[in-house]
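What follows is one structure encoded as structure tokens, with my remarks underneath.
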Amino acid sequence: MIEIIVLIFLARKIGILAVSKGLSAGGWKIRLVLFWILGEFIGAFIGLAIFGQDNLFSCMLVAIAFAASSYFIINNHLSKMPDVLNEDDINNIGR
């Protein structure tokens with residue numbers, strides 16, 4: 001349950017960042033959710049390979065870490081994109 005609340009909060013932040021870059025907020029939110037789920041599956045498989053089935057708590061911690069890293073990857077990717085320029089910004093150059 002807490003994971004869903006965190007994912008909603010992070011999706012809002014990604015949506016705000018996407019809009020500031022002039023991109024679709026909904027599309028980036030969907031990407032975040034899909035990459036979150038994919039990261040969680042990959043992390044679970046890696047956790048099972050490292051810790052085995054006897055230590056499921058550690059496996060789930062690895063899964064959550066991989067899922068959270070997907071947010072940071074998407075955030076980093078969006079942050080590197082150029083911001084949308086307004087006409088006012090262009091007209092105020094040199095003033």
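What follows draws every value from the coordinates through simple rules; no lab data is involved. Keep in mind it's a predicted model, so treat the numbers as computed, not measured. In this analysis, Cβ positions are derived from the backbone assuming ideal geometry, glycine residues included, and neighbour counts consider all displayed protein chains.
Note on Cα Rg over 2.2 N^0.38 Å: of the candidates (i) 1.09; (ii) 2.03; (iii) 1.44, the value calculated from this structure sits at (iii). Between the Cα long axis of helix 25-51 and the first principal axis of the chain there is an angle of about 30°, rounded to the nearest 10.
Relative contact order, whole percent, for the chain stands at 29, derived from Cα pairs under 8 Å and 6 or more residues apart. If you plug the beta carbon distance of Lys13 and Lys80 into 1/(1 + (r/R0)^6) with R0 = 22 Å, you get a FRET efficiency near 0.85.
How much net charge surrounds Ala68 when only other residues with a Cβ under 10 Å from its Cβ are counted (Lys, Arg +1; Asp, Glu -1)? Its environment carries a net charge of -2.
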